[in-house]
Amino acid sequence: MSTRPYVIDEMISAKSIAARIEDLCREIQKEYEGTDKLIVVGLLRGSFVFIADLVRELDLPIEVDFLEASSYGDGMESSREVRILKDLRGAIEGRDVLVVEDIVDTGHTLNHVTHLLESRLPARLKSIALLDKPSRREVDFKASWTGFEIPDEFVVGYGIDFAQRNRNLPFIGKVRFTEAE
Ligand code: IMP
């Protein structure tokens, strides 16, 4: 899909992200101390960079699984109706589950996914989002841990895309269009 020309202004540096992940992992580690049944579930595709850095910072015995839910498609607006495109490989009943998401925006995606996973009777279900845009919320949802609260800007990088592009940027940047619509 072609888009209007845009530039990307850095919003959160790779260094700040790494430092925040270290802090978050210290908290997560405390929460799960002594457990040997944690499954870390990445929501595809936006969380793939975040989950890779997160799990390498965690000194815990974990398993990793992935789930894909539909969200923005190729545009800039949330679809609101959430569909599961790829389900977990394993069962989670009686297990500790940590869902990893890139951004909580309207809240529909994580709200839907956590309700779905709750129905499978995990021992404990928690979630972590790298970014949160609280001003955009449409459903009452708060992740157990959040990396950074950001304003209502469209962001890319560190796994997050605009029309499937810019996922490979090492930092989080905001999209700024250089031509009027
Ligand atoms: P929600 O269901 O509205 O909370 O949306 C969550 C999903 O929308 C995220 O996992 C992202 O895939 C996508 N999303 C939300 N905000 C942005 C953004 O600023 N840039 C790119 N994708 C976004």
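The values are calculated or read from the model by the stated rules, or taken from the named source; none is laboratory data. Every value quoted in this text rests on a predicted model; they were computed, and no experiment measured them. Quick reminder, even Gly has a Cβ in these numbers, built from the backbone with ideal geometry, and neighbours come from all protein chains shown. Accessible surface areas use protein heavy atoms only, side chains included; no ligands, DNA or RNA. Shrake-Rupley method; radii C 1.70, N 1.55, O 1.52, S 1.80 Å.
Key figures
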item	result
Residues of the chain: accessible area per residue with a 1.4 Å probe, Å²	51
Exposed-loop-free span, longest in the chain, where trypsin sites (Lys or Arg not before Pro) count as exposed if DSSP calls them loop and at most 15 other C-beta atoms lie within 10 Å	1-79
Gaussian network model of the chain, Cα within-10 Å springs - most flexible of Gly159, Gly46, Gly34	Gly34
Modelled FRET efficiency - R0 30 Å, Arg137 with Thr3, Cβ distances, 0.05 increments	0.70
Nitroxide proxy distance, nm - points 7 Å out along Cα→Cβ at Asp23 and His115	3.3
Sulfur and carbon atoms: percent of accessible area, segment 1-142 [1.4 Å]	47
Loop chymotrypsin sites (Phe, Trp or Tyr not before Pro), segment 105-181, which have at most 13 other Cβ atoms in a 10 Å radius of their Cβ (DSSP)	none
Most mobile listed residue (Val156, Val99, Val49) in the chain, GNM with C-alpha springs under 10 Å	Val49
Listed residue pairs exceeding 28 Å between alpha carbons, taken from Lys37/Lys174; Lys15/Lys142; Lys37/Lys86; Lys30/Lys174; Lys37/Lys133	Lys37/Lys174; Lys30/Lys174; Lys37/Lys133
19 Å cut-off, amide nitrogen to a point 7 angstrom out along Thr35 Cα→Cβ, residues in segment 48-69	51-67
Rg/Rh (Cα only; Kirkwood hydrodynamic radius) as it applies to segment 1-153	0.96
Cβ-Cβ FRET estimate between Lys86 and Arg124, R0 fixed at 25 Å, reported to 0.05	0.60
